[in-house]
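Each remark here refers to the structure printed beneath this line.
Please treat every number below as a calculation from the coordinates, not as lab data. Since the structure is predicted, the reported quantities are computational estimates derived from the model, not experimental observations. Neighbour counts run over all protein chains shown; Cβ positions are idealised from the backbone, glycine included.
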Amino acid sequence: MAMFDDEVKKPKGHEVGMILDAMSVDELADRIALLEGEIARLRAAIESKRQSKSAADAFFKL
């Protein structure tokens, strides 16, 4: 299938600050869900690291 100059290229992944004009409401909602999932994953990683640090601090605070 040939690409024409007037065809809109959809981005494959999300980039902070990207132009959102070519995205539908459903696509934007999907991006929000994807980013909320990533935020939850990052928060869980932060909490895990805090617990590990707290345990190490308690162990070495003899």
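Among ARG31, ARG50, rank each residue by its count of other Cβ atoms within 10 Å, from fewest to most, as a rough exposure measure.
Details: ARG31 16, ARG50 10.
Listing ARG31, ARG50 from fewest to most nearby Cβ atoms yields ARG50, ARG31.
Across the range 34-47, computed HN-Hα scalar couplings (Karplus, 6.51 cos²θ - 1.76 cosθ + 1.60, θ = phi - 60°) run 4, 5, 5, x, 5, 4, 4, 5, 5, 5, 5, 5, 4, 4 Hz from first to last residue, x flagging Gly and Pro. Model label points for LYS61 and ALA33, set 7 angstrom from Cα along the Cα-to-Cβ axis, are 4.3 nm apart.
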